[in-house]
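We did not get these values from a lab; they are worked out from the coordinates using the rules stated. Keep in mind the model is a prediction, meaning the values are calculated, not measured. Glycine also receives a Cβ, built like all others from the backbone with ideal geometry; neighbour counts cover every protein chain displayed.
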Amino acid sequence: MVLYALISGILIGLFYGFAALGLSLAFGVLRVVNIAHGDVIVLGSYLAYELSTQAHLNPLIAIPVAIPVAVVIGLAFYRLIAPSLGRSKDPEMLSLILFFGVSQVIEALATIGFTVNQDTLLTGPVGNGSVQILGQTFPNYEPVAAAVAVPGALLVMLYLYRSRLGLATRALMSSRADALLAGIDVGRTSALSFGIALALAASAGVLSIYVNGGVNPSQGADLTTTAFAVVVIGGLGNPGGALAGGLVFGLAEQFAQSYEPNWAGLVPYALLLAVMLAKPEGLFGRRARYA
Amino acid sequence: MSEPAPIASSAASPAQAQAPAPGPGAAAAPGADATPLLELRGIAAGYGSMQVLWDIDLSVAAGECVVILGANGAGKSTLLRVALGLVPAMQGSVWLRGEDVSQLRTDRRVARGIGFMTEVGVFPELSVRENLLLGAYRLGAKQARANLERTYAAFPLTAQFRSRPAGSLSGGQRKLVGVAKVLMGDPSLVVMDEPSSGLSPVAVHEVVEVLRGVEQSDVSLLIAEQNTAFLGLAQRAIVIEGGHRRFEGTVDALRDDAALKRAYFGIE
């Protein structure tokens with residue numbers, strides 16, 4: 001049972017980390033908590049559902065479809081909200097209200113389009129078979145979710161740590177004013193980061209329909225809560241920390257699921273509180289600014 | 001935290017490193033062009049409804065060093081932030097080489113050849129190498145890589161600690177990395193906000209010596225300070241008190257002003 005919980009925790013944890021990566025990126029760059037993040041994941045799930053049930057395509061094809069669409073929407077949406085946030089005396093509060101509104105709009109539109117019922121895909125991403133890992137049997141969507149999450153996260157890390165634009169993004173995460181003073185086009189970099197954040201959320205949605213056993217319009221709030229917990233455990237504004245936070249969250253959840261299923265929903269959040277009390281900046285968060 | 005390393009090698013001073021590779025906006029010799037490099041005209045500024053600067057004029061000629069002297073809260077940093085577009089002016093205008101840039105974004109003013117060093121000076125979470133590359137961000141990747149080698153030679157400290165997070169260095173080392181970072185961008189004007197902040201007298205002396213080398217390479221300097229050690233670099237100084245310009249003139253004239261002498265040099 002230990003081995004099963006360990007492997008499952010890692011596989012699901014990688015998915016959680018990937019699902020939270022966009023939230024972390026958006027917070028790190030824009031200093032806003034996108035509470036519509038979970039609703040974008042839901043939209044990704046519905047795209048996978050539609051491609052599978054209407055077009056009879058493999059749902060994973062939704063990922064390359066969702067990425068450019070999400071990036072374009074992210075770029076446009078950032079340009080729309082940036083002037084208001086820039087003028088606001090309290091941009092954090094304004095962004096919270098704004099994204100709450102976006103979340104409600106997405107949920108309402110999803111309800112109109114898909115009804116309140118749970119929609120599930122009867123066939124897995126690579127058939128309905130199971131997979132044996134170290135003698136343990138897992139539904140095939142778990143390793144598939146991890147197999148998509150790992151290269152996806154690696155690509156984001158390569159972008160952040162090996163590209164010129166990624167360096168500008170990390171400078172922006174460190175200090176907006178100093179990024180401006182380095183000659184970085186902060187508006188364009190922020191807009192691109194927000195687009196990438198939405199693309200990550202929509203891609204995670206394609207996997208979420210399997211990991212969460214389906215999709216419904218009101219699922220967004222729970223998904224945002226999970227992603228937020230993962231990001232806080234790992235360290236707010238640190239994309240690498242989000243991945244580590246996902247593993248911690250996934251392992252806690254799967255071990256609880258294996259040994260005390262009734263506690264499975266509680267343990268990861270109790271862990272969140274413990275991390276906050278012991279290390280408020282998160283396990284891999286940035287320490288206080290240097291004077 | 002390690003001991004401060006030597007700041008600039010004796011073999012390759014920052015001045016020597018700067019001189020052969022002037023940037024697009026490299027400064028002309030003093031007097032070659034009467035148009036000031038930077039000119040602030042009648043600046044009034046503040047935060048919200050709180051005004052902190054009233055009718056400040058200031059100019060920096062090509063190749064010149066000007067020090068803005070003032071106590072904490074006098075408005076020095078605000079004036080620099082207005083010059084760079086980080087704080088909007090309530091009144092007045094900002095001119096670069098005769099061009100009114102008052103409505104230009106900060107990154108576009110930087111692109112015209114201004115390098116700004118804040119009190120912190122570096123991105124603490126990023127490595128020294130990454131900080132240097134960001135200093136030359138406006139020049140493009142190829143030029144940034146070329147300037148990196150030049151900077152490693154001029155500032156051995158930056159080569160020695162290239163992979164370390166800049167925030168893990170001592171205060172003096174961070175300032176020197178900050179200076180090297182700003183020079184990476186081949187600026188024609190370097191603007192510095194309190195470069196002595198948080199430094200020991202020895203580290204202040206080292207920073208002043210490095211800036212002396214920068215000055216000799218015809219890069220203009222505008223330094224906001226309350227430490228008079230930087231006056232040795234300057235041709236002119238302005239003194240701001242309570243948001244108003246109290247004095248403007250040569251450093252010798254400043255030293256001859258009895259009231260200012262008492263206030264800033266502690267001499268009766």
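Using a simple spin-label model with points 7 Å from Cα along the Cα→Cβ vector, what separation in nm is obtained for B:Ala229 and B:Gln216?
Here the modelled spin labels are 1.9 nm apart.
Just the number, please: percent antiparallel of the DSSP beta bridges in the protein assembly as shown, rounded to the nearest 5. Spell out each step's value before the answer.
On the way: 27 of 46 bridges.
Here the share of antiparallel DSSP bridges comes out near 60 percent.
What's the average, rounded to a whole number, of partner chain beta-carbon atoms within 10 Å of each residue's beta-carbon in B:136-146?
Details: counts 2, 9, 4, 1, 1, 3, 0, 0, 2, 0, 0.
Neighbouring Cβ atoms belonging to other protein chains average 2 per residue here.
Take B:Glu99 and A:Val65, extend 7 Å from each Cα along the Cα→Cβ direction, and tell me the distance between the two endpoints in nm.
4.7
Got a sec to turn the phi values of the range B:71-86 into Karplus ³J(HN,Hα) couplings, 6.51 cos²θ - 1.76 cosθ + 1.60 with θ = phi - 60°, whole Hz, x for Gly and Pro?
With the stated coefficients, the range B:71-86 comes to 6, 4, x, 6, x, 4, 5, 4, 4, 5, 5, 5, 4, 8, x, 7 Hz.
Using only C-alpha positions, report the orientation-averaged shadow area of the convex hull of chain B, nm², one decimal.
One quarter of the hull surface, i.e. the mean projection, equals 13.9 nm².
HN-Hα J couplings of the range A:3-11 from phi, Karplus 6.51/-1.76/1.60, θ = phi - 60°, integer Hz, Gly and Pro as x?
Calculated HN-Hα couplings, in order: 5, 4, 5, 5, 5, 4, x, 5, 4 Hz.
Report the per residue volume, in Å³, of the convex hull enclosing the C-alpha atoms of the protein assembly as shown.
170
Given a Förster distance of 35 angstrom, what is the FRET efficiency for B:Glu209 paired with B:Ala34, based on the Cβ-Cβ distance and rounded to 0.05? Display every interim value, and only then the final one.
On the way: r = 31 Å, r/R0 = 0.89.
Once the sixth-power term is evaluated, E becomes 0.65.
Suppose a student asked you for the relative contact order of the range A:18-217, using Cα pairs under 8 Å spaced at least 6 residues apart; what percent would you report?
Working: 266 pairs, mean separation 93.2, N = 200.
Rounded, it is 47 percent for the range A:18-217.
Assign one of three labels to the range A:18-217, namely rounded, prolate or oblate, based on the Cα gyration tensor with a ≥ b ≥ c the square roots of its eigenvalues; rounded applies when a/c is under 1.5, prolate when it is not and a/b is larger than b/c, and oblate otherwise. Mind showing how you got there, number by number?
Numbers: a/c = 2.54, a/b = 1.54, b/c = 1.65.
Oblate, since a/c reaches 1.5 and b/c is not below a/b.
What is the average number of partner chain Cβ atoms found within 10 Å of a Cβ in A:171-180?
Values: counts 8, 1, 3, 11, 6, 1, 6, 10, 5, 10.
For this peptide, the per-residue mean of nearby foreign Cβ atoms is 6.
What order do you get for A:Met157, B:Met117, B:Met50 when you list them from fewest to most C-beta neighbours inside 10 Å?
The fewest-first ordering by Cβ neighbours comes to B:Met50, A:Met157, B:Met117.
Please compare each pair in A:Lys279/B:Lys181; B:Lys76/B:Lys181; A:Lys89/B:Lys181; A:Lys89/B:Lys76; A:Lys279/B:Lys76; B:Lys142/B:Lys175 to a cut-off of 30 Å on the Cα-Cα distance and tell me which ones are over it.
Numbers: A:Lys279/B:Lys181 33 Å; B:Lys76/B:Lys181 22 Å; A:Lys89/B:Lys181 32 Å; A:Lys89/B:Lys76 24 Å; A:Lys279/B:Lys76 38 Å; B:Lys142/B:Lys175 25 Å.
Result: A:Lys279/B:Lys181; A:Lys89/B:Lys181; A:Lys279/B:Lys76 exceed 30 Å.
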